[in-house]
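Below: the structure, in structure tokens.
The values are calculated or read from the model by the stated rules, or taken from the named source; none is laboratory data. Everything quoted here is computed from the prediction, not taken from an experiment. Note that we place each Cβ from the backbone using ideal geometry, even for glycine, and neighbour counts take in every protein chain shown. Please note that ligands, DNA and RNA were not included when accessible areas were found on the heavy atoms of the full protein model with its side chains. Shrake-Rupley method; radii C 1.70, N 1.55, O 1.52, S 1.80 Å.
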Amino acid sequence: MITMQSKQKRTDISSIIGWVLQGGVIVSSAVILIGMILLLRNPEGLAAIPLQAFPHTAGQIWAGLWTLQPLAIIVLGLLLLMVTPVIRVAVSIIAFGLEQDRLYVVITFCVLAILCMGYVLGKGGA
């Protein structure tokens, strides 16, 4: 039997997970928009930026962020967008733990492990 308190707890957890997703999309969109604005301010136009200038490694992204390179900022926004669902799954693990639902903690942890392995193995193929 579902109690009113249990129903309220699930609603709170669902709203937190919703905020995580919305916040991740909003923040990543803002970062990408900032990068696009900086990119469009380039006096030579978009054609003057070679594709090789696109940062491919964490070091290149980090160095580009320190010098406010537009492509590095855009890549940061894309990375934030990619990480958003992973954070959502991690928050779900915490939520299921608070509900003491061990089965869903295990299942969600497996999903998180698969997501992380996909990112690591996907990067290794580049």
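Couple of notes before you dig in:
- The range 17-26, residues that are closer than 23 Å to LEU68 by Cα and open to solvent by 80 Å² or more (accessible area, probe 1.4 Å): ILE26
- In the range 52-78, of all residues being farther than 18 Å from ILE37 by Cα and part of a helix (DSSP H, G or I), the one that is modelled with the lowest pLDDT corresponds to GLN52.
- Members of the range 65-97 found to be in contact (Cβ under 8 Å) with a residue 40 or more places away in the chain and of a type in the set (Ser, Thr, Tyr), listed by number: THR84, SER92
- Residue check for VAL89: open to solvent by less than 40 Å² (accessible area, probe 1.4 Å), modelled with pLDDT of 85 or more and under 13 Å from the mean Cα position of the chain (by Cα): yes
- Selection status of ILE2, open to solvent by 90 Å² or more (accessible area, probe 1.4 Å), modelled with pLDDT of 85 or more and not hydroxyl-bearing (Ser, Thr, Tyr): no
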